[in-house]
Amino acid sequence: LFFFIFLIGLLSDLNILHSPTFRIIFQTIVIILYLLSFDNFVSSTRIDFFDNLLNIFFIKILFTLFCILVLINGTNFIDGVNTLVVGYFILVFSNIFYLSNILDLNLDTSFVSICLVSLSAIYVFNFFGKVFLGDGGAYLISFVAGITLIKFYNSNPLLSPYYIIALLWYPAYENLFSIIRKKILKKSPSTPDNEHLHQLIFLYLNKKFNVNKNLSNLLAGILICLYNLLFFFIIFDWYFFTATLVYSVLLNVFIYNLLYFFLKTRLIKNKQNG
C-alpha cells in the first residue's frame, strides 16, 4: 500500500496521471484498502454528537478517509520549496517520539526511528538540491505520518485528538485555504498556482531583500519549519488540554492569514512600483 500511494504520485510526476480527479480516486482506493485491512480509524473527536456518528462504520471510514486525503493533498500543496515537507515531518515524528519516551506512551518506536533516519538523510540531499520529493514523495511521507498519528492517538486515549490536529495543522489548513482562495477567484481547486504561503515568502525574500533564488527557496522552508518548531515546543505540555489546543490552532490560522495577506499586499505594491 505504501508502494501504491507512492506510485500514484510518481505517475503524476512523470506526467502520466494528469487528472487530479483520477489521482484522488486512486488515493481513495488505496486508503480504503488500508483502513479495511488494518482497522485504523479516527476513533474520537471529543464531540459527543460526532463521536456517536463515528460509531457508524460507514461514517467512520468516510471521516478517516477525508482526514487522510486532506493531509496528503495539503502536503503536496506545501511541497514547493526545499526542506519544507521533509523538515516539517521530521518535527512531527520527533515530537511523538520524544513525547512517547517522556510519558511512556504506546508507539512503534522502531518504525518511527526508521522514518526519522530516512527523512534526515533525504533532508540533507534536499537541502543541497540533489533530491526532490515530487508528488510521490509528498504523498508517501504524509500517508505514513497520517496513519502513524491515528494509531498513536488510538493507542493512547490520554491524548487529546486535537494534539494530533495541532501537529498537522499546517498542511491541512494550506489545503483548505487554497480551495477557498481558488473558489473566490473562480478557479478550479485542482489548478496549480504560485500563490501558496511558502511561495509568497520565497518571492518576498527574493524581491524585497534581493536574496538569490536558491537561498530564498531554502530560507522559506526553514523559516516555516522554525515557526512550527516553536509552536510544537509550546504545545508539548498541552497534550491533553483540548480547549487550549483548539485555541492554539485557531491562533495559528489567524497568524497564517495575517501573514499571507500582508505578503500578498506587499508583493502587489512592489510589482506596481517596479
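Over 16 Å from the mean Cα position of the chain (by Cα), polar (S, T, N, Q), closer than 20 Å to residue 46 by Cα and assigned to a helix (DSSP H, G or I): is that true of residue 265 in this structure? First the steps, then the outcome.
Working: over 16 Å from the mean Cα position of the chain (by Cα): yes; polar (S, T, N, Q): yes; closer than 20 Å to residue 46 by Cα: no; assigned to a helix (DSSP H, G or I): yes.
For residue 265, the condition - over 16 Å from the mean Cα position of the chain (by Cα), polar (S, T, N, Q), closer than 20 Å to residue 46 by Cα and assigned to a helix (DSSP H, G or I) - is not met.
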Given (1) loosely packed, with under 12 Cβ neighbours inside 10 Å; (2) within 17 Å of the chain's Cα centre (by Cα), index of the condition residue 256 fails: (1)
Would you mention how many residues in region 216-245 are under 17 Å from residue 129 (Cβ atoms) and open to solvent by 80 Å² or more (accessible area, probe 1.4 Å)? 0
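Let me confirm something: among 92, 112, which residue is under 16 Å from residue 236 (Cβ atoms) and either in a helix (DSSP H, G or I) or open to solvent by 40 Å² or more (accessible area, probe 1.4 Å) (or both)? Working first, answer last.
Numbers: 112 fails: under 16 Å from residue 236 (Cβ atoms).
Of 92, 112, the one residue that is under 16 Å from residue 236 (Cβ atoms) and either in a helix (DSSP H, G or I) or open to solvent by 40 Å² or more (accessible area, probe 1.4 Å) (or both) is 92.
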As an exercise: evaluate residue 132 against (1) among the aromatic types (Phe, Trp, Tyr); (2) open to solvent by 30 Å² or more (accessible area, probe 1.4 Å); (3) assigned to a helix (DSSP H, G or I); (4) closer than 28 Å to residue 17 by Cβ and give the number of the one condition it does not meet. (3)
With criteria (1) more than 29 Å from residue 259 (Cα to Cα); (2) outside any loop (DSSP other than H, G, I, E, B); (3) open to solvent by 10 Å² or more (accessible area, probe 1.4 Å), residue 165 comes up short on (1)
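Taking the condition open to solvent by less than 30 Å² (accessible area, probe 1.4 Å) and touching a residue at least 40 places away in the same chain (Cβ under 8 Å), does residue 40 pass?
Numbers: open to solvent by less than 30 Å² (accessible area, probe 1.4 Å): yes; touching a residue at least 40 places away in the same chain (Cβ under 8 Å): yes.
Yes.
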Considering only residues that are part of a helix (DSSP H, G or I) and under 11 Å from the mean Cα position of the chain (by Cα), which ones fall in region 168-178? 169, 170, 171, 172, 173, 174, 175
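For region 127-142, what are the residues that are touching a Phe, Trp or Tyr at 6+ places or on another chain (Cβ under 7 Å) and in contact (Cβ under 8 Å) with a residue 12 or more places away in the chain? Give the derivation first.
Pass one, region 127-142, residues touching a Phe, Trp or Tyr at 6+ places or on another chain (Cβ under 7 Å): 131, 136, 139-141.
Listed by number, the residues that qualify are 136, 139, 140, 141.
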Selection from region 204-215 of residues surrounded by fewer than 20 Cβ atoms within 10 Å (Cβ to Cβ) and either among the aliphatic types (A, V, I, L, M) or without any contact (Cβ under 8 Å) to a residue 24 or more places away in the chain (or both) yields 206, 209, 210, 211, 212, 213, 215
Output the number of residues of region 91-120 satisfying the condition of being under 16 Å from the mean Cα position of the chain (by Cα) and closer than 19 Å to residue 165 by Cβ. 6
All positions within region 136-157 that are within 22 Å of residue 110 (Cβ to Cβ) and not in a helix (DSSP H, G or I): 156
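Specify which of the listed residues (182, 151, 186) is more than 30 Å from residue 35 (Cβ to Cβ), of a type in the set (D, E, K, R) and surrounded by fewer than 21 Cβ atoms within 10 Å (Cβ to Cβ).
Working: 182 fails: more than 30 Å from residue 35 (Cβ to Cβ); 151 fails: more than 30 Å from residue 35 (Cβ to Cβ).
Among 182, 151, 186, only 186 is more than 30 Å from residue 35 (Cβ to Cβ), of a type in the set (D, E, K, R) and surrounded by fewer than 21 Cβ atoms within 10 Å (Cβ to Cβ).
Considering only residues that are hydrophobic (A, V, I, L, M, F, W, C) and over 10 Å from residue 142 (Cβ atoms), which ones fall in region 71-89? Lay out the reasoning, then the answer.
Start the filter on region 71-89 by keeping residues that are hydrophobic (A, V, I, L, M, F, W, C), which leaves 71-72, 77-78, 81, 84-86, 89.
Residues satisfying the conditions are 77, 81, 84, 86.
The values are calculated or read from the model by the stated rules, or taken from the named source; none is laboratory data. Because the structure is predicted, anything quoted here is derived from the model rather than measured. Please note: Cβ atoms are built from the backbone with ideal geometry, for glycine as well, and neighbour counts cover all protein chains shown. Please note that ligands, DNA and RNA were not included when accessible areas were found on the heavy atoms of the full protein model with its side chains. Shrake-Rupley method; radii C 1.70, N 1.55, O 1.52, S 1.80 Å.
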